[in-house]
Amino acid sequence: MELFNTLGDKIEKLEPVGAPELRMYCCGPTVYDYGHIGNFRTFLHVDVLRRFLRQQGMAVKFVMNVTDVDDKIIRNAAAVGKSIAEYTKKYEHAFFEDSDALGIERPEVVARATDSIPDMVTLIEKLASEDIAYRAEDGSWYFRIARFPEYGKLSRKDFEGIEDGARVDVDEYEKDAARDFALWKACKPGEQSWNTALGCGRPGWHIECSAMAMKYLGQSLDLHCGGEDLMFPHHENEIAQSESATGKPFVRHWMHVRFLLVEGRKMSKSEGNFYTLRDLLLKGYRASAIRFLLISVPYRHQMNFTFESLTESTNAIDRLRTFHQRMLKGGLADGLDEAIAAVTAKTETDYTAALADDLNTANARAAIFELVRAANSAADAGTLRAGNVKEILRVLDLFDGVFAVLKDNDATITRAALTWAETEGRLGEASSELVTKLSLSDEDIDALVAERTQAKKSRNFARADAIRNDLLAKGILIEDSKDGVRWRRK
Ligand code: AMP
Ligand code: ZN
């Protein structure tokens, strides 16, 4: 497959070099709060890429870090009087719960920053031994960027006339300044710190990713991913640290996901357009529709999230699932509709070509909907044959191996979100319709449906009707058919 490479600014073939598997790293979440839909846009596209590569027969080893110590975490943990470990545990757990809900597959390795402090110290010591890292008066250690002439090669910034020794000690800083950045921050009273050969302190953010990527994937890796904001300074700094230490290219292929806008603007709490996954679940939107929407716009395109587009995404999923059910139902005459067979084959080719072309998820999606449209009309017209269905189901499975939206876990996920909201005292934010609709579990419904069947058998029609109406009021439809009774949530 071909993927845009930020390093060199061009589309290039993505392949493993020097190892049987593609070695892939992604900057993971900073676990100081719940993940927002912008974060998940990035993690979802990384998931789509990984699923597609595997579908194409490539072995992939994927490592993601969890930043569980940084300026914000220290500040927030102190504000609520907790240790950073206690504070971050909750948000790390929530992050993986949300990732699961969105169908994001777990990495082969999840690496917590606080579990790799010795590796970071070793890396800084190596840089210090060549005077590329130096110690400031307060005991902090800095990276001397004047010693890395290629600084700026990823973001293609020209740092001509770098001011040697100008320093910055915050993790994120102005986008146009080249400054010696902190590798190790000297301990301060009340802050979590580690006693190491570098003195007492804690790691800077950038060194974390260099140390952990190389620890698990070796000195040169194939692919490194993250949101576009990380290109500078974070990824530029990762390159400087790693390449100065090893003398080898750190990463061959860099993938950056463009930022998500919400209702046309940068998402921010003060603007009132900031949404976590949980916010949207409590409003009654389905996890599958959120996944589908966030992956449907190709990763290098500007994406603008709106509630209108989320509703459209919900409808699109309904259409796909209904079509899938229709194909599973069977009962068609033997034989083959040649025209539909041709559309099915073309869909498979178009779908694969789209994703192989810099992960064009929009075109892959369009190819599948073309098949849905054509096969539905053939089925309506009575020309669809059993021979077509087998192939159609195979192509749908292929699509779903990457898009992962056909299986309906939505009600279970939303129920879990409601339980969480209850423990956090946030149930008031949930739409009342949703609370009514999900007040019954699948087992409760099964039991009521069984009771209704029994009532009908014993000719207690009043009771049977009452159960049916109660369920209907909670958004549950009972369907009687020759194969028995089925129910579904509206
Ligand atoms: P953080 O937890 O802030 O370190 O961010 C985790 C990931 O989400 C990083 O790869 C960020 O670049 C990415 N990210 C943050 N905000 C957005 C956004 N609005 N759109 C897309 N990706 C984002
Ligand atoms: Zn990183």
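Assorted remarks:
- Among the residues of segment 224-240, those that are assigned to a helix (DSSP H, G or I) and either touching a Lys or Arg at 6+ places or on another chain (Cβ under 8 Å) or within 21 Å of Pro29 (Cβ to Cβ) (or both) comprise Glu228, Asp229, Leu230, Met231, Phe232, Pro233, His234, His235, Glu236, Asn237, Glu238, Ile239.
- Here is the figure for segment 238-262: residues that are within 14 Å of ligand 1 (Cβ to nearest atom) and touching a helix residue (DSSP H, G or I) at 6+ places or on another chain (Cβ under 8 Å) total 9.
- Residue in segment 65-78 that is at pLDDT 95 or above and in contact with a Leu (Cβ under 7 Å, 6 or more places away or on another chain) present: no
- Scanning segment 69-90 for residues that are touching a residue at least 60 places away in the same chain (Cβ under 8 Å) and of a type outside the set (A, V, I, L, M) returns Asp70, Asp71, Ser83.
- Which listed residue is among the hydroxyl-bearing types (Ser, Thr, Tyr) and either crowded, with 24+ Cβ neighbours inside 10 Å or free of Cβ contacts under 8 Å to residues at least 40 places away in the same chain (or both), from Ser270, Ser244: Ser270
- Checking each residue in segment 211-241 for being more than 12 Å from ligand 2 (Cβ to nearest atom), surrounded by 24 or more Cβ atoms within 10 Å (Cβ to Cβ) and over 24 Å from the mean Cα position of the chain (by Cα) picks out only Ala240.
- Pairs, first at negative phi and of a type outside the set (Gly, Ala, Ser) in segment 294-306, second surrounded by fewer than 18 Cβ atoms within 10 Å (Cβ to Cβ) and assigned to a strand (DSSP E or B), C-beta under 8 Å, six or more apart: Gln302/Leu261; Met303/Leu261; Asn304/Leu261; Phe305/Leu261
- Counted as qualifying within segment 355-430 are the helices (runs of 4 or more DSSP H) with 2 or more residues that are within 30 Å of Ile445 (Cβ to Cβ) and free of Cβ contacts under 8 Å to residues at least 24 places away in the same chain, namely 386-403, 410-423.
- Qualifying residue in segment 287-310 (condition: within 18 Å of the chain's Cα centre (by Cα), of a type in the set (Gly, Ala, Ser), at pLDDT 95 or above and surrounded by fewer than 21 Cβ atoms within 10 Å (Cβ to Cβ)): yes
- Checking Ser244 against (1) away from ligand 2 (no atom under 11 Å from the Cβ); (2) touching a Ser or Thr at 6+ places or on another chain (Cβ under 8 Å); (3) not aliphatic (A, V, I, L, M), the condition it does not meet: (2)
- On the stretch given as segment 16-34, residues that are out of contact with any strand residue (DSSP E or B) (no Cβ under 7 Å at 6 or more places or on another chain) and surrounded by fewer than 19 Cβ atoms within 10 Å (Cβ to Cβ) total 3.
- Search result, residues across segment 325-351 that are within 19 Å of Ala367 (Cβ to Cβ) and in a loop (DSSP other than H, G, I, E, B): Asp337
- Pro249 being under 20 Å from Thr6 (Cα atoms) and within 16 Å of ligand 2 (Cβ to nearest atom): no
- Selection count where residues are near ligand 1 (Cβ under 6 Å from one of its atoms) and either free of Cβ contacts under 8 Å to residues at least 40 places away in the same chain or assigned to a loop (DSSP other than H, G, I, E, B) (or both), scope segment 27-43: 2
- Options Leu406, Leu418; residue that is in contact with a Phe, Trp or Tyr (Cβ under 9 Å, 6 or more places away or on another chain) and surrounded by 14 or more Cβ atoms within 10 Å (Cβ to Cβ): Leu406
- In summary, Glu443 fulfils each of the numbered conditions (1) loosely packed, with under 12 Cβ neighbours inside 10 Å; (2) assigned to a helix (DSSP H, G or I); (3) modelled with pLDDT of 95 or more with the single exception of condition (3).
- Search result, residues across segment 470-490 that are assigned to a helix (DSSP H, G or I) and surrounded by 11 or more Cβ atoms within 10 Å (Cβ to Cβ): Asp470, Leu471, Leu472
The values are calculated or read from the model by the stated rules, or taken from the named source; none is laboratory data. Only a predicted model underlies this, so the values are computations on that prediction, with no experimental measurement involved. Here Cβ is always computed from backbone atoms with ideal geometry, including for glycine, and neighbour counts include all displayed protein chains.
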